[in-house]
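Accompanying notes for the structure given below.
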Amino acid sequence: MGRTSLPAAEVVSGTPAMLKLPGAAARAPWRWSIQRRSLIIRLPETYQLLSWAPFGGGARRACVIINHQIAPDDRAASENPHPYLEGLVRRCKVAPATAAAMMTGADVARAGYAMARRGGLMAGAWCTAGCSNALRVGDPAARRQPRAGTINLAVAVSQPLSESAMVEAVAIAAEARVAAMYEAGIASTRTGLPATGTGTDCIVIASPARAPAHAYCGKHTVAGELIGKAAMRACARALRRCCP
């Protein structure tokens, strides 16, 4: 029997300014904007999130994801991130129980965005990148305060994922970041070997909090393909803009 080929995924990439443009980017169910130094992603309904974000991390239900840019010398933010980000969320007129928030030293205005879709299934990814803290997994640990430089990645999927698929989506997004860094030729600041991330990266995965849900999203699935494509292209764009 011959193998049935699936239609190719539609991929759109660019910057947050693409929100103002017609076409595929505008058809995405989520909306985002940059307000002062915060990239704010507004989801169309309550989504389930999985992350290790300093505010709202772990598993939670939310409708807003925030990636906030802090100054390198902002000790209040770096030493007490949870209360700092809670105050930020409130200033953004968002209920803290409905949000997750990351922070970065990278310029959020230079974030990369990409969306991949096939039929009614879409994955959108937003990435901010700083590489002054680039490291390779397994590099020697350091006790000193890390230098500013973080790759933050948020990925939203338009259809529900099961709990196990959410975990798998985190792995797919992390692989996409590693692939983008390898292709960009970024080296560890500690060993000089090819970097796989930074010492302070964060990933947030979001999908609608309803059923039925995709049971899996590995690389053999359409969901995994779209998450990988969107995350890799968003990371690649952010790295080109911020880590030349």
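Bear in mind that the values in this text are calculations on the coordinates, not laboratory data. Please read all numbers here as calculations on a predicted model, not as lab measurements. Note that we place each Cβ from the backbone using ideal geometry, even for glycine, and neighbour counts take in every protein chain shown.
Would you please classify the overall shape of the stretch 52-94 from the alpha carbon gyration tensor, given that a ≥ b ≥ c denote the square roots of the eigenvalues, rounded means a/c under 1.5, and beyond that prolate means a/b larger than b/c while oblate covers the rest?
Prolate.
If you stretched the chain out fully between residue 164 and residue 91, how much longer would it get, using 0.36 nm times the residue separation minus the C-alpha to C-alpha distance?
Gain on extension, residue 164 to residue 91, equals 22.9 nm.
Can you compute the FRET efficiency between residue 31 and residue 79 using 1/(1 + (r/R0)^6), with r the Cβ-Cβ distance and R0 = 22 Å? Round to the nearest 0.05.
Result of the calculation: an efficiency of 0.10.
Per DSSP helix of 4 or more residues, -39500 (n - 2.57); summed, then divided by the residues of the chain. What does that give at 222 nm, rounded to the nearest 500?
-8000 deg cm²/dmol
Pull out a ≥ b ≥ c, the square roots of the eigenvalues of the alpha-carbon gyration tensor of the chain, then state rounded if a/c is under 1.5, prolate if not and a/b is larger than b/c, and oblate in the remaining case.
It comes out oblate by the Cα gyration axes.
Taking other Cβ within 10 Å of each residue's Cβ, how do 88, 135 sort, fewest first?
By the 10 Å Cβ count, ascending: 88, 135.
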